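Worksheet: the structure to be examined is printed underneath.
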Amino acid sequence: MLAGVHHVAIICSDYPQSKHFYVSILGLEVIAENYRAEKDSYKLDLRLPDGGQIELFSFPDRPARPSYPEALGLRHLAFSVHSIDAAVMHLKAHGITAEPVRTDEYTGKQYTFFSDPDNLPLELYQS
């Protein structure tokens, strides 16, 4: 029935900062950017290299997402990368700290976590 994940929607607190993070640092491609005056909200459609998408929204006065301790619901967003070491070095060059790299005990693949500007937990997972 399902063919894949089409997109993940993220609500940010500082639109310019989050746009810079996802476009300039993580390298996602801008598909479309729209300002919706009736909601005082931006909607930025971003494309990942595999065709998946992220919708980045800005809404005024939204509550913070509980991340730690982990709350029920979506736990984190994971991105596939070819080289964990190169990805971590890229983040570090932009002032972003990743957790120590770990190895998945079931797959043998390396992974690490870091956060977006709103503390949304993001994962890098070796492809």
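The table below lists the values:
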item: Test set (1) in contact with a Cys (Cβ under 6 Å, 6 or more places away or on another chain); (2) surrounded by fewer than 12 Cβ atoms within 10 Å (Cβ to Cβ) - S18 fails condition number; result: (2)
item: Residue list for the range 47-72, filter: touching a Lys or Arg at 6+ places or on another chain (Cβ under 9 Å) and within 24 Å of G4 (Cβ to Cβ); result: Q53, I54, E55, L56, F57
item: Those residues of the range 2-36 which are of a type in the set (K, R) and not in a helix (DSSP H, G or I), in sequence order; result: R36
item: Test: I96 is over 15 Å from the mean Cα position of the chain (by Cα) and surrounded by 13 or more Cβ atoms within 10 Å (Cβ to Cβ); result: no
item: Selection from the range 1-39 of residues that are of a type in the set (K, R) and in contact with a Leu (Cβ under 7 Å, 6 or more places away or on another chain); result: K19
item: Members of the range 4-46 that are touching a Ser or Thr at 6+ places or on another chain (Cβ under 9 Å) and touching a residue at least 40 places away in the same chain (Cβ under 8 Å); result: I10, I11, C12, S13, D14, Y15, S18
item: Filter result for S80 (surrounded by 14 or more Cβ atoms within 10 Å (Cβ to Cβ) and more than 20 Å from Q17 (Cα to Cα)); result: yes
item: Matching residues, the range 47-80, being out of contact with any Ser or Thr (no Cβ under 6 Å at 6 or more places or on another chain), small (G, A, S) and not in a loop (DSSP other than H, G, I, E, B); result: A78
item: Boolean, G95 is among the small types (G, A, S), over 17 Å from F21 (Cβ atoms) and either in the same structural domain as V5 (by TED's automatic domain parsing) or without any contact (Cβ under 8 Å) to a residue 24 or more places away in the chain (or both); result: no
item: Residue that is nearest to the chain's Cα centre (by Cα) [pool: residues in the range 99-127 that are under 21 Å from V8 (Cα atoms) and among the hydroxyl-bearing types (S, T, Y)]; result: S115
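The values are calculated or read from the model by the stated rules, or taken from the named source; none is laboratory data. Note that the structure is predicted; figures quoted are calculated from it, not measured. Because the Cβ atoms are built from the backbone with ideal geometry, glycine has one as well, and the counts that use them run over all protein chains shown.
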